[in-house]
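Trainee: My questions all concern the structure below.
Any read-out appearing in this document is the output of simple, stated calculations on the displayed coordinates, not a laboratory observation. None of these values were measured; they are calculated from a predicted model. Don't worry about glycine lacking a Cβ; one is built from the backbone with ideal geometry, like all the others, and counts go over all protein chains shown.
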Amino acid sequence: MDSKRRGEIAYALWKYRLKKEGIHLGDVNREIGNIAKATSISQAELREFVQQIASELLTETFEKAAE
């Protein structure tokens, strides 16, 4: 399995987890900081990543509700 496919799978799993568990807005900044420290990924990149996933989840939710 190449790194691109691993990334696709990781993205899908993370998105699935957020859909099932929800996004707790009060905890987002603290969690981003903790993840940044543990992974050496910048907070800016993590914030952008979370915003992208959250946006997709909202769009999917409203599209499903409109059906």
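Condition check ((1) free of Cβ contacts under 8 Å to residues at least 24 places away in the same chain; (2) out of contact with any helix residue (DSSP H, G or I) (no Cβ under 8 Å at 6 or more places or on another chain)) across all residues:
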{"position": "3", "(1), (2)": "yes, yes"}
{"position": "13", "(1), (2)": "yes, yes"}
{"position": "20", "(1), (2)": "yes, yes"}
{"position": "25", "(1), (2)": "yes, yes"}
{"position": "41", "(1), (2)": "yes, no"}
{"position": "53", "(1), (2)": "no, no"}
{"position": "61", "(1), (2)": "yes, yes"}
{"position": "65", "(1), (2)": "yes, yes"}
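Trainee: Let me ask something additional. Out of curiosity, is residue 37 assigned to a helix (DSSP H, G or I), among the charged types (D, E, K, R) and in contact (Cβ under 8 Å) with a residue 40 or more places away in the chain?
Mentor: For residue 37, the condition - assigned to a helix (DSSP H, G or I), among the charged types (D, E, K, R) and in contact (Cβ under 8 Å) with a residue 40 or more places away in the chain - is not met.
Trainee: Return the residue satisfying two criteria in turn: it lies in the range 39-64 and is surrounded by 12 or more Cβ atoms within 10 Å (Cβ to Cβ) and of a type in the set (S, T, N, Q), and of such residues it is farthest from residue 20 (Cα to Cα).
Mentor: 43
Trainee: Examine the range 18-31 for a residue that is surrounded by 10 or more Cβ atoms within 10 Å (Cβ to Cβ), in a helix (DSSP H, G or I) and in contact with a Lys or Arg (Cβ under 9 Å, 6 or more places away or on another chain), and state whether such a residue exists.
Mentor: Yes, the range 18-31 contains at least one residue that is surrounded by 10 or more Cβ atoms within 10 Å (Cβ to Cβ), in a helix (DSSP H, G or I) and in contact with a Lys or Arg (Cβ under 9 Å, 6 or more places away or on another chain).
Trainee: Sort out which residues of the range 18-67 are under 13 Å from the mean Cα position of the chain (by Cα) and hydroxyl-bearing (Ser, Thr, Tyr), and write them in order of number.
Mentor: The one that is under 13 Å from the mean Cα position of the chain (by Cα) and hydroxyl-bearing (Ser, Thr, Tyr): 55.
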